[in-house]
1. Among the residues of the stretch 7-26, are any part of a loop (DSSP other than H, G, I, E, B), over 15 Å from the mean Cα position of the chain (by Cα) and not acidic (Asp, Glu)?
2. Going by the conditions given, is Val73 touching a Cys at 6+ places or on another chain (Cβ under 8 Å) and on the phi < 0 side of the Ramachandran plot?
3. Looking only at residues in the stretch 118-165 that are aliphatic (A, V, I, L, M) and outside any helix (DSSP H, G or I), which one is surrounded by the most Cβ atoms within 10 Å (Cβ to Cβ)?
4. Scanning the stretch 81-92 for residues that are among the polar types (S, T, N, Q) and either touching a Leu at 6+ places or on another chain (Cβ under 8 Å) or touching a residue at least 24 places away in the same chain (Cβ under 8 Å) (or both), which turns out farthest from His3 (Cα to Cα)?
5. Can you report the number of residues in the stretch 18-45 which are touching a strand residue (DSSP E or B) at 6+ places or on another chain (Cβ under 9 Å) and closer than 22 Å to Arg114 by Cα?
6. Within the stretch 106-117, how many residues turn out to be closer than 15 Å to Thr17 by Cβ, among the small types (Gly, Ala, Ser) and part of a loop (DSSP other than H, G, I, E, B)?
7. Output the qualifying pairs, or none if there are none: Cβ atoms under 8 angstrom, residues six or more apart or on different chains, first residue in the stretch 55-80 and assigned to a helix (DSSP H, G or I), second residue of a type in the set (Phe, Trp, Tyr).
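Bear in mind that the values in this text are calculations on the coordinates, not laboratory data. Keep in mind that what you see is a predicted model, and the values were worked out from it rather than measured. Note that we place each Cβ from the backbone using ideal geometry, even for glycine, and neighbour counts take in every protein chain shown.
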Amino acid sequence: MKHLYLIGGTMGVGKTTVGRILKRRLEACVLLDGDWCWDADPFVVNERTCAMVLDNICHLLNNFLACPDYRNVVFCWVMHQQSIIDGILRALRLEGVVLHPVSLICSEPALRARLGADVAAGIRNPDVIERSVARLPLYRELRSGLLDVSELTPEETAERIIGGM
């Protein structure tokens, strides 16, 4: 039996960190971060680039799901609209796959603190803070499990996801 963990959340909430922990803790696990499929300069967002990136993500996910050497696949990305999640799921071959969709959320002060630390460390640009905060309410509208990570460490978050939340 295969397991696919879809880890969504706004920028700075901890998706990638949690994904890396899940990769270490789950047996025969592979991690795909959607940002790896869209690390471009200039960063162009239009209908063509969105379609291309989603196609690339689905191709990679299908290959990982089909590979008998992996039992667990973790995918993390900013999936802030149900249409993004639905589009990915429609393109995947999910026979024999247990789906674990979860959206990580946190309080606005916690998100501002996390992103502020990233900005201070030179990891992110300052404009990400307002863009990320604006997306927080969107996750409550999705058909995925919600996990508030405001007071959780990444390790605790991973444990909750493994335990079914």
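1. Step one: filter the stretch 7-26 for residues part of a loop (DSSP other than H, G, I, E, B), giving 10-14, 26.
Right, trim to over 15 Å from the mean Cα position of the chain (by Cα) and you get 26.
Filter again for not acidic (Asp, Glu), leaving 26.
Yes, there is a match, as at least one residue in the stretch 7-26 is part of a loop (DSSP other than H, G, I, E, B), over 15 Å from the mean Cα position of the chain (by Cα) and not acidic (Asp, Glu).
2. Values: touching a Cys at 6+ places or on another chain (Cβ under 8 Å): yes; on the phi < 0 side of the Ramachandran plot: yes.
Answer is yes for this residue.
3. Taking the stretch 118-165 and keeping what is aliphatic (A, V, I, L, M), we get 119-121, 123, 128-129, 133-134, 136, 138, 142, 146-147, 149, 152, 158, 161-162, 165.
Of the ones still in play, those that are also outside any helix (DSSP H, G or I) are 121, 123, 142, 146-147, 149, 152, 165.
Working: Ala121: 8, Ile123: 11, Leu142: 19, Leu146: 14, Leu147: 20, Val149: 22, Leu152: 18, Met165: 12.
In this case the residue turns out to be Val149.
4. Within the stretch 81-92, the first condition is being among the polar types (S, T, N, Q), and the residues that meet it are 81-83.
Then drop every residue that is not either touching a Leu at 6+ places or on another chain (Cβ under 8 Å) or touching a residue at least 24 places away in the same chain (Cβ under 8 Å) (or both), which leaves 81-82.
Working: Gln81: 22, Gln82: 20 Å.
It comes out as Gln81.
5. The total comes to 7.
6. Counting residues in the stretch 106-117 that are closer than 15 Å to Thr17 by Cβ, among the small types (Gly, Ala, Ser) and part of a loop (DSSP other than H, G, I, E, B) gives 0.
7. Ile57/Phe75; Ile57/Trp77; Leu61/Phe75; Phe64/Tyr70
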